[in-house]
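*Asks:* Could you have a look at this structure, given as structure tokens, before my questions?
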Amino acid sequence: MNALTPLILTAALLGGASLPAQADNKTFSSEDIFALEYASDPQISPDGKHIVYVRRGYDIMKDNNKQSLWLYSLSSDEHTPLFADQYSYAQPRWSPDSTRIAFTSNRSGSAQVHMHWLAQDKTALLSQLPKPVRDLTWSPDGTQLAFTMTVPQGPSDFVKSVKLPKKPKGADWSEPVTVIDKARYQADGQGFLTPSFRHVFVLPAEGGAPRQLTQGDYQHYGPLAWSPDATQVVYASDKHPDWEYRTTELNLYGVDVGTYSTTQLTDLPGRETHPQFSHDAQQLAFLSRGNAAVPYVNTELSLLNLKSGAVKSLTSALDRAVGHYQWAGKGDFVIQYDDRGQRKLATLTRAGNITERVSSVAGTSIGRPYVSGEFSMANNGALAFTQGSAERPADLGYFHRNKQRTLTALNEDLLGHKTLGQVHELTVESLFDGEPIHGWYITPPDFDTTKQYPLLVEIHGGPHLAYGPSFSAELQRYAAAGYVVVYMNYRGSTSYGKDFALLLDGKYSSKEDFADHNSAVDALIAKGFIDKNNLFIAGGSAGGIAAAYAIGLSDRFNAAAITKPVINWVSKVLTADSYLGQIRNQFPGMPWDNLSHYWQRSPLSLVGNVTTPAMIMTGEQDRRTPISESEQFYQALKLQKVDTVLIRVPGSAHGIAGRPSRMITKIEHTLAWFERYRK
């Protein structure tokens, strides 16, 4: 192996490592990432005649995301742009009569609500709001739009009490201090938060003055639901005096649009969210999640009888988390849930009977193959959804009367001329306890079973998330570079039921989840096409924790690429934005009372064993796994003279791959690091 001179790399936009030359243009390259597009937020009109969706892509000159609105006519199969220009568009929402589309855009200079009249081809600006809006929702009569927006709290009593001298005109004083007194004072991607409260508003659909419906120093969350008579808006909130410290509690409330009076509708242990009224206004459906102090709880679809107050769970026997749903025509439902790494749509009766309809909802996670995707439903039961596969990001999908169609081919101009790595399913028995571990591996383009290839183990984050057989720009690039890439839904992953998810309760990371990955390595070596002398490991976030922990348990890997990890759980929970919920749900108690437990789960506890060269990459503005975690590991490895580099990503929060050049930087630095230690 090559010894490495001590250095710290600062990742600039493609400046830290040159892109390796491609042998030809037939395989997927990092430059191709800028040309990828995908469908998101598909919204089918209530009359079932059109679908509007957000078409997403990348701007190579501005290095950011592009979001435009496109319209698909189901009668003529015409696919046309509504708004595709230099501005950004989001939240397209149909009026109940299918004649108008409300949406948000910065086309007026800031994020505002706009309205488009379809037949007249006219568009109007409806709002002049001080903050961006969320949860845009039409009233059933088409006269109003409800939404949520933050309202600043203003200076605290303590700040008001501080007496400071007046700065002389023209004086150059230091910046004012920031006073922090909230328990929830920071958020990844937002930095230090200005104290504010999210409230519910209504706005006339023809424009006018917005009205704030909710009051009080609480957070009021969507999605929102209008009552069928348009007199009430339902939202989720926790109005307990200690709400700031309670991360597992939300109840449903209804606020009267005319009188502003508020009625509490639910009071179950845990979170009740995503309300939807039945057409006869007799029942309210919602998603419910219990408040057990564990890292994973299934989200269920429940039904509230508004007259009797009785609540019934409709999916308690499913043993999968319901992510989204809509009422169907006969009072039944269409639900969205994840099963064995795939997002599915199914019909659900009130008796709890489930019939699968669509199993290809996917494709809105471009970098890594996380389970993803969305859907909506028309009054006639037709479904619009994001349809993805192992070979393509999300296109626009359509399902009606048991027939499924793919309506777009957004990436055929690019990927139709590429030879991609092939995705194969893999199930192994864990070396730890024989537990079945499910996953996939990607073979390089033009794969030859008579040859041997280096193996890259890629570990997903969460840990309570899941990968699936979906297109992944990062993993396809690794395959194009000649690696077999294996990714497993190790114990703790979602979409395999509650018991499997809780196998990691109180022990992440551990020898147990490492055994799951190690079992996959052994299984692929046994197939005969893996070069056992060239094994590599990589992961981000919880996957970064696992990769760092793995090289403390084993020296079988030539090198590791560790992205945005936790290295010391004591320092992590006392510096990161997720501390309130993480301590309660993932640990036996406070760190000062349980130091041995926190230390045992920390990769830093094993750093004395590490001999594997390690590349560590983290965003400088990361508040989920702060860069101080990576610095601890880097310095510990340097003290032991283990080959290591620390790559600081300027301006980046936890989602390093959120900008295309940063995704490319991550990929190409990883490949360059591994190349140094190839035998």
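Every number in this text was worked out from the coordinates using simple rules, so none of it is lab data. For clarity, every value in this text was computed on a predicted model and none was experimentally measured. We place every Cβ from the backbone using ideal geometry, glycine too, and count neighbours over all the protein chains shown.
*Asks:* Report the far tail of the P(r) of the chain, meaning the percent of Cα-Cα pairs longer than 52 Å.
*Replies:* 10 percent
*Asks:* In Å³ and rounded to a whole number, note down the convex hull volume per residue for the Cα atoms of region 343-460.
*Replies:* Cα convex hull per residue, to the nearest whole number: 166 Å³.
*Asks:* Report for the chain the percent antiparallel among DSSP-assigned beta bridges with both residues inside it, nearest 5.
*Replies:* Around 80 percent of the beta bridges assigned by DSSP in the chain are antiparallel ones.
*Asks:* For region 90-249, what Kirkwood radius comes out of the mean inverse Cα-Cα distance, in Å?
*Replies:* Kirkwood radius, region 90-249: 18.3 Å.
*Asks:* Measure off 7 Å from each Cα along the Cα-to-Cβ vector at Thr349 and Asp522, then give the distance between these two points in nanometres to one decimal.
*Replies:* 4.6 nm
*Asks:* Under the classification rounded if a/c is under 1.5, otherwise prolate if a/b is larger than b/c and oblate if not, where does region 604-679 fall, given a ≥ b ≥ c as square roots of the Cα gyration tensor eigenvalues?
*Replies:* It is oblate, given that a/c is not under 1.5 and a/b is not larger than b/c.
*Asks:* Also, quick follow-up: Return one quarter of the surface area of the convex hull spanned by the alpha-carbon atoms of region 189-292, equal to its mean projected area, in nm².
*Replies:* Its average projected convex-hull area is 8.4 nm².
*Asks:* Order the peptides 90-101, 206-217, 541-552 from the highest to the lowest mean number of other Cβ atoms within 10 Å of their residues. Before the final figure, lay out each step's value.
*Replies:* On the way: 90-101: 19.8, 206-217: 13.9, 541-552: 27.2.
So the peptides 90-101, 206-217, 541-552, ranked by packing, come out 541-552, 90-101, 206-217.
*Asks:* Treating the beta-carbon of each Lys and Arg as +1 and of each Asp and Glu as -1, no other charges, what is the dipole magnitude of the chain about its Cα centre, to the nearest 20 debye?
*Replies:* Dipole of the chain, to the nearest 20 debye: 860 debye.
*Asks:* Using Cα pairs under 8 angstrom and six or more residues apart, how large is the relative contact order of region 520-661, in percent?
*Replies:* This gives 23 percent for region 520-661.
*Asks:* OK, next. Per Stokes-Einstein, at 20 °C and 1.002 mPa s, what whole-number D in µm² s⁻¹ belongs to region 34-156, with the Kirkwood radius over Cα pairs as the hydrodynamic radius?
*Replies:* Values: Rh = 15.5 Å.
Taking Rh from Cα pairs, D becomes 139 µm²/s.
*Asks:* Still on this structure: What FRET efficiency, computed as 1/(1 + (r/R0)^6) with R0 = 51 Å and r the Cβ-Cβ distance, is obtained for Val179 and Thr450, rounded to the nearest 0.05?
*Replies:* Details: r = 67 Å, r/R0 = 1.32.
About 0.15, to the nearest 0.05.
*Asks:* For region 230-347, take every pair of Cα atoms, bin their distances at 5 Å starting from 0, and report each bin as a whole percent.
*Replies:* 2, 10, 20, 22, 20, 14, 8, 3, 1, 0
*Asks:* Still on this structure: Within 10 Å, count the other beta carbons around each residue, average over each peptide in 172-181, 281-290, and list them highest first. Walk me through the numbers before you get to the answer.
*Replies:* Details: 172-181: 8.2, 281-290: 19.7.
Answer by packing, highest mean first, reads 281-290, 172-181.
*Asks:* Also, I was wondering about something else. Restricting to Cα atoms and excluding each atom paired with itself, what does the Kirkwood estimate give for region 436-501 in Å?
*Replies:* Radius from the Kirkwood sum: 12.8 Å.
*Asks:* Cα-Cα over 27 Å: which of Lys49/Lys312; Lys66/Lys182; Lys330/Lys403; Lys511/Lys572; Lys638/Lys666?
*Replies:* Violating the 27 Å Cα-Cα cut-off are Lys49/Lys312; Lys66/Lys182.
*Asks:* Can you tell me the order of 30-40, 420-430 when each peptide is scored by its average per-residue count of other Cβ atoms within 10 angstrom, highest first?
*Replies:* 30-40, 420-430
*Asks:* Using the Kirkwood radius over Cα pairs, work out the Stokes-Einstein diffusion coefficient for region 60-108 at 10 °C and 1.306 mPa s, in µm²/s as a whole number.
*Replies:* For the chosen part, D equals 128 µm²/s.
*Asks:* Here's a follow-up. Can you tell me the Rg and Dmax of region 154-205, counting just the alpha carbons, in angstroms?
*Replies:* So, for region 154-205, Rg and Dmax equal 16.4, 48 Å respectively.
*Asks:* Test of understanding: extend the Cα→C-beta vector of Ala672 to 7 Å, then name every residue of region 452-481 with backbone N under 20 Å from that spot.
*Replies:* 474-481
*Asks:* What distance in nm separates the simple spin-label points at Ala35 and Lys511, each placed 7 Å from Cα in the Cβ direction?
*Replies:* 5.0 nm
*Asks:* Moving on to the next point. Considering the convex hull of the alpha carbon atoms of region 326-383, report its projected area averaged over all viewing directions, in nm², one decimal.
*Replies:* Computed as one quarter of the Cα hull surface, the answer is 4.1 nm².
*Asks:* Amide H neighbours of Gly373 under 5 Å, counting only residues 5+ apart in sequence or on other chains, H built in-plane at 1.01 Å?
*Replies:* Thr364
*Asks:* Continuing with the same structure: Residues with amide H under 5 Å of Leu250's amide H, sequence separation 5 or more or different chain, H placed in the peptide plane at 1.01 Å from N; which?
*Replies:* Correct list: Gly270, Arg271, Glu272.
*Asks:* Express the relative contact order of region 191-236 as a whole percentage, based on alpha carbon pairs under 8 Å and six or more residues apart in sequence.
*Replies:* That works out to 30 percent.
*Asks:* If R₀ is 45 angstrom, what is the calculated FRET efficiency for the pair Ala171 and Lys638, using the beta carbon separation as r and rounding to 0.05?
*Replies:* The formula returns an efficiency of 0.50 here.
*Asks:* Something else: Got the relative contact order for the chain handy, in percent, Cα pairs under 8 Å and 6 or more residues apart?
*Replies:* Values: 1638 pairs, mean separation 83.3, N = 679.
Over the chain, the number comes to 12 percent.
*Asks:* Right, another one. Let's test the formula: R0 of 22 Å, r as the Cβ-Cβ distance of Asp85 and Leu125. What FRET efficiency results, to the nearest 0.05?
*Replies:* So, using R0 = 22 Å, E works out to roughly 0.90.
*Asks:* According to the square roots a ≥ b ≥ c of the eigenvalues of the Cα gyration tensor, what is the shape class of region 406-542, taking rounded for a/c under 1.5, prolate for a/b larger than b/c otherwise, and oblate for the remainder?
*Replies:* oblate
*Asks:* A further question on this structure: So what's the Cα pair-distance distribution over region 560-613, bin width 5 Å, in %?
*Replies:* 4, 18, 28, 23, 13, 9, 4
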